[in-house]
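I have placed the structure first, in the form of structure tokens, so that the comments after it can refer back to it.
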Amino acid sequence: MDQKQNIEQFKGQPRLPKFAIPKRYDLYLKLDLSACTFSGLVHINLSIVETTKFIVLNACELVVHQVFFTTSLNHRITPCDVVLNGNDEILMLGFEQVLGTGEGVLSIEFSGALNEQLKGLYKCTYVDKGVRKNMAVTQFEALQARLCFPCWDEPALKATFKITLDLPSELIALSNMPINDEKINGNVKTVYFEESPKMSTYLVAIAVGLFDHIEETTADGIKVGVYCPVGKSDEGKFALEVAVKSLDIFTRYFSMPYPLPKLDMVAVPEFFGGGMENYGLIIYRENEMLYTDSRSTAARKQRLTIVVAHEVAHQWFGNLVTMEWWTHLWLNEGFATWISYMATDIMFPEWKIWTQFLQEINGGLRLDAQEKSHPIEMEIQHGHEVDEAFDAIGYKKGSAVIRMLQEYIGDETFQKSLSFYIRRYAWSNARTEDLWSVLSEVTGIQVNSMMDSWTKQKGYPVISVKSKDHILEFEQSQFLLSGFHGDGQWIVPITLCFGSYDRIKSFLLESKSENLDASELFPTSDEKNEDEYGEASWIKVNIGQSGFYRVKYGDELDARLRKAIKKGFLSVTDKYGILDDRYALCVACEQSLSSLLLLMDVYRKESDYIILSKVIDVCYNVLEVLRDAIPELTNALKENFINILLCSAKKLGWESTPGESHLTGLMRGEVFMALAAFDHAKTHEQAMHRFQSFLDDRSTEFLSPDTKRTAYIAVMRNANTSRDGFESLLKVYRDADAVQEKEHVLRTMASTPSPDILVEVLNFFISKEVRDQDIVYGLPGISLEGHEIAWLWMKENWNFIINKYNGGLLTHFIRDIISPFCSNEKADEVEEFFESRVTSSFAMNLKQSIEQVRIKARLVESIKQERQPLQDLLKQLVCKG
């Protein structure tokens, strides 16, 4: 009775007790792919560090058949209690006698089922010569190694792993380490892998299936292998090239060689994320690793490069040095995001990727301006809370504050500090404060006092700047899209330039407000012309948008900046930043929509990709809100946006020209898609014509990968008058062999304005024809006209949806169907529906989505007050053509 009572003490605990520490796992797994089951035996070398009658480790959805503990004196002890607790996902072992301190081996025989939820050791399917077959893949981050074998499933409890697999003899087995030996016995093959170095359980990986394989050896002798679906090895060549180059870049940057003898990358047909950085075996969904010039867009090529570089970077930042607990997840993801852009810039400098990093920053700024945001260091009490930490704060804000710190410290010193950090914590674990400590040590700057304000509290400041004589007044306050100002305060690295990028000033804003005497930086009398200060009188704060904050200018400074944009004095990144800040201030109802539209008009002749992309993004968002605020102005607003984009569309044309830049391909895709979404008649006409050519000949060059989605949107926008196009697009999906083609179709099908067809499309998305993971492509494309229909559909199908999709995929239904609404009534309706249905897996995402709806509802009311000025302005802008 006492023993039973004692075992109860381990239930409901957020972390495992530290009586026993794992040192080595000897794991054997036998796979039955026909029955979709597995059985296994694991011997775990333990250090018993406190005398105990209990051993507690993680296990979930496993059947435990036999357990025993062998002491260092070779005494075999069987536990008297073996209790699997499903709620806490722990296996509790109680022994009659006390286990003394020292070494021992815990042996557990177990079995389980290959699940279909894309987690743990799961089943996915592929087609071999027309026959659908099963394969087995793992996804263990964050807490799913316990679904495959009993283990200490916490990142700080690193150990070595020796893995042995039994599998059908015709298949290929991959794991973290190279194969040491293989034995074939009839139709079963036993594969023995080399023992790994120390690593966390979430980085253990297995993939068993049928693959084609290509490989290269790096200058350092590392074998890099790429495993593709059979017949598609050519589509893996670009990813292989990127991986080899990335390994070289990171080896030099960290002054630390890649520590394993090989790095394999495998594309699997079903995978929850984009890629997973398992040590020595990176697993990708097929779309993220396969590339072909004839089918893939410029955007896909760029995305693939960044994703591969991101996962390779994790081999150092995450795998070699691992966060101590999930609270510090951003150390993995923020750094891998930032450094993937650095590597991409080295490989493809012509892509100007650091200007596109502004889109990463923007994703963080958007979410972090909500009251329902959270700090970068999100306190994770229980491991299950970590799923919602994989968001724009950890990845995008995390990478943005790293970039800000790098700019403040300087590239060379920053690199030296990171190299030192990697060497100090190699094969071990670290916390955020450990990184700040190393940076402070190397630089002599108290980095932690500055950076704690960015990582330990949520939000960021808006810096208000006013000019009085030659004194600049700076004031910071927390920026919230709700219009309220929070009480946060930051240590802000301010940079600014005065009329020229040759006149620059930087300082730390450490208090609520500060004045700066800028007399010596203002233009001298020799530089003045007929204007009071002349054309050199503009001031731009946050040069290059390197700081994670917004800027609000006084009226006089704002007018000068608009003039500087017209004159072409500002850099691309600064022009982007001014528009982005203005849009955010408009959403927060701190500046009018009219002032935003006037600023957008200044960008009419812009030809740089990143600025056009921002203009298009703002167009979509403004249209979404204006439809609710002043419906009768919707067509005039669309016409104005079309006029802004037509200049670029004429220059770009539908077809690529020999030798054109990568950025031109990106621009063509986005500009023509926007014109199709805004129902530009000539774009629709041309798109439908090209789509017909594509139906007649699937290899036609008349419809390039970059313009396919434009054609598909045009087809679906016109599906309310004819079903033929919709049926044709369905056939394109069903006939497609390439995952890239299927993705194009899924991203555009829901753009129809037709309620009946939209319901058909949504039902198709959740049918067996579409892999569960691919729902992430379809839902963001729902048309503005279709959101009410989509919401009704989701409510009707909610029980089916919540049973079919795991927590991570559920968040896409929440975000993509709820957040586009713009009224408090709708927010209330959503809250009422989910009151009894919300689960912890999407609770935070639901709150954030409802908050977005209320933010837009407030903006709708603000815009209604501008009705007449907006009507007059749009008439004037449309007349400009």
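Within the chain, what percent of beta bridges assigned by DSSP are antiparallel, to the nearest 5? All intermediate terms of the calculation are to be shown ahead of the outcome.
Details: 103 of 129 bridges.
Percent antiparallel among DSSP bridges in the chain is about 80.
Mean 1/r over all different Cα pairs, inverted: what Kirkwood radius does region 687-761 give, in Å? It would help to have the intermediate numbers written out before the result.
Working: mean 1/r = 0.0822 Å⁻¹.
Averaging 1/r across every pair of different Cα atoms and inverting gives 12.2 Å.
Among 40-49, 760-769, how do they line up by average Cβ neighbours within 10 Å per residue, starting with the highest?
40-49, 760-769
Just to check I understand the Karplus step: with θ = phi - 60° and J = 6.51 cos²θ - 1.76 cosθ + 1.60, what whole-Hz values come out for region 469-480, glycine and proline as x?
Per-residue couplings from phi come out as 6, 10, 9, 9, 9, 10, 9, 10, 8, 5, 8, 10 Hz.
If you filter region 315-393 for chymotrypsin sites (Phe, Trp or Tyr not before Pro), then keep DSSP loop positions with at most 10 other Cβ within 10 Å, what is left? If you can, show how the numbers build up before the last one.
Values: sites: W316, F317, W325, W326, W330, F335, W338, Y341, W351, W354, F357, F390; in loops: W316, W325, F390.
Of the chymotrypsin sites (Phe, Trp or Tyr not before Pro), not one in the loops of region 315-393 has a Cβ with at most 10 other Cβ atoms within 10 Å.
Just to make sure I understand: if all protein chains stay in place, what is the order of K650, K223 by accessible area at 1.4 Å, largest first?
On the way: K650 165, K223 110 Å².
Per-residue accessible area, sorted high to low, gives K650, K223.
Just how much of C879 is accessible, in Å², when a 1.4 Å probe is used and the result is rounded to the nearest 10?
110
Could you tally up the Lys pairs in region 22-141 with alpha carbons closer than 25 Å? Skip any pair fewer than 8 positions apart unless they're on separate chains. Please list the in-between numbers first.
Working: K23/K53; K23/K119; K30/K119; K30/K123; K30/K133; K119/K133; K123/K133.
Lysine pairs, 8 or more places apart or on different chains, close enough: 7.
Once you order the gyration tensor axes a ≥ b ≥ c over the Cα atoms, which shape class does region 796-881 get: rounded for a/c under 1.5, otherwise prolate or oblate by comparing a/b with b/c? Write out the running numbers ahead of the final one.
Details: a/c = 3.67, a/b = 2.49, b/c = 1.47.
The shape class here is prolate.
Mean residue ellipticity at 222 nm from the helices of the chain, using -39,500 (n - 2.57) per DSSP H segment of n ≥ 4 over the full residue count, to the nearest 500 deg cm²/dmol?
Details: 27 runs with 366 residues, N = 881.
Only helices count here, giving -13500 deg cm²/dmol.
If you keep only loop residues by DSSP, which trypsin sites (Lys or Arg not before Pro) in region 122-180 have at most 11 other Cβ atoms within 10 Å of their Cβ?
Values: sites: K123, K129, R132, K133, R146, K158, K162; in loops: K129, K158.
For trypsin sites (Lys or Arg not before Pro) across region 122-180 that sit outside H, G, I, E and B with at most 11 neighbouring Cβ atoms in 10 Å, the list reads K129.
Can you pull the accessible area of I184 for me, 1.4 Å probe, Å² to the nearest 10?
We get 120 Å² for I184.
In whole angstrom, note down how far apart the Cα centers of region 181-246 and region 166-180 are.
Each part's Cα centre sits 9 Å from the other's.
Between region 837-881 and region 653-706, what is the C-alpha centre distance in whole Å?
30
From the square roots a ≥ b ≥ c of the eigenvalues of the alpha-carbon gyration tensor of region 555-696, which class results: rounded (a/c under 1.5), prolate (a/b over b/c), or oblate? Could you put the intermediate results ahead of the total?
Values: a/c = 2.65, a/b = 1.39, b/c = 1.90.
It comes out oblate by the Cα gyration axes.
Name the residues whose placed amide hydrogens come within less than 5 Å of the amide hydrogen of T52, ignoring near sequence neighbours (fewer than 5 apart) on the same chain.
Close amide H contacts, sequence-distant or interchain: L99.
Test of understanding: extend the Cα→C-beta vector of S728 to 7 Å, then name every residue of region 656-692 with backbone N under 14 Å from that spot.
Of the residues in region 656-692, 684-692 have backbone N under 14 Å from the label point off S728.
For the chain, what is the Kirkwood hydrodynamic radius in Å, using each pair of distinct C-alpha atoms?
Values: mean 1/r = 0.0341 Å⁻¹.
Hydrodynamic radius (Kirkwood, Cα only) of the chain equals 29.3 Å.
With a 1.4 Å probe and all protein chains left in place, how much of the accessible area of the chain comes from carbon and sulfur atoms, in whole percent?
Working: 15840 of 33620 Å².
For the chain, the apolar C and S fraction of the accessible surface comes to 47 percent.
Sorted by mean Cβ packing within 10 Å, highest first, what order do the peptides 59-71, 453-465, 501-513 take? Don't jump to the answer; show the numbers that get you there.
Numbers: 59-71: 17.3, 453-465: 20.9, 501-513: 13.3.
The packing order, highest mean first, is 453-465, 59-71, 501-513.
Measure nothing fancy, just the Cα-based angle from helix 681-696's long axis to the longest principal axis of the chain, in degrees from 0 to 90, nearest 10.
40
Shape call for region 12-209 from the C-alpha gyration tensor, a ≥ b ≥ c root eigenvalues: rounded (a/c under 1.5), prolate (a/b greater than b/c) or oblate?
On the way: a/c = 2.03, a/b = 1.73, b/c = 1.18.
Because a/c hits 1.5 or more and a/b exceeds b/c, region 12-209 counts as prolate.
Amide H to amide H, which residues 5 or more places from L290 or on other chains are under 5 Å from it, using H placed in the peptide plane?
none
Would you mind checking the pairs K198/K237; K397/K651; K158/K397; K466/K566; K456/K614 and listing those with alpha carbons more than 24 angstrom apart? Walk me through the numbers on the way to the answer.
On the way: K198/K237 31 Å; K397/K651 35 Å; K158/K397 28 Å; K466/K566 21 Å; K456/K614 30 Å.
Listed pairs above 24 Å: K198/K237; K397/K651; K158/K397; K456/K614.
To the nearest 10 square angstrom, how much accessible area does Y425 have with a 1.4 angstrom probe?
40
Helix 353-368 sits at what angle to the longest principal axis of the chain, using alpha carbons and giving 0 to 90 degrees rounded to 10?
Approximately 80 degrees, to the nearest 10.
At a Cα cut-off below 20 Å, give the aspartates and glutamates reachable from K189, other chains included and same-chain residues fewer than 8 away excluded.
Leaving aside aspartates and glutamates fewer than 8 places away in the same chain, those within reach of K189 are D26, D32, D128, D166, E170, D181, D212.
Spin-label point model (7 Å from Cα, Cβ direction): what's the N74 to S111 distance in nm?
A separation of 3.2 nm, rounded to one decimal place.
Anything over 30 Å Cα to Cα? Flag those among K301/K605; K396/K742; K512/K638; K552/K875, in the order listed. Walk me through the numbers on the way to the answer.
Working: K301/K605 27 Å; K396/K742 28 Å; K512/K638 41 Å; K552/K875 28 Å.
Pairs exceeding the cut-off: K512/K638.
Under 17 Å from the Cα of K826, which lysines turn up, not counting those fewer than eight places away in the same chain?
K795, K847, K856
Give the separation of the Cα centroids, region 357-398 to region 121-159, in Å.
26
Taking region 301-393, which GluC sites (Glu not before Pro) meet the DSSP loop condition and have no more than 15 other C-beta atoms within 10 Å? Before the final figure, lay out each step's value.
Numbers: sites: E311, E324, E333, E350, E360, E371, E377, E379, E385, E388; in loops: E324, E371, E377, E379.
Filter output for region 301-393: E379.
How do H374, H382 stack up against each other in accessible area, from largest to smallest, with a 1.4 angstrom probe?
On the way: H374 15, H382 50 Å².
Largest to smallest exposure gives the sequence H382, H374.
The values are calculated or read from the model by the stated rules, or taken from the named source; none is laboratory data. Remember, it's a predicted structure, so these values are computed and weren't measured experimentally. Neighbour counts run over all protein chains shown; Cβ positions are idealised from the backbone, glycine included. What goes into the accessible areas is simple: the full protein's heavy atoms, side chains included, and nothing from ligands, DNA or RNA. Shrake-Rupley method; radii C 1.70, N 1.55, O 1.52, S 1.80 Å.
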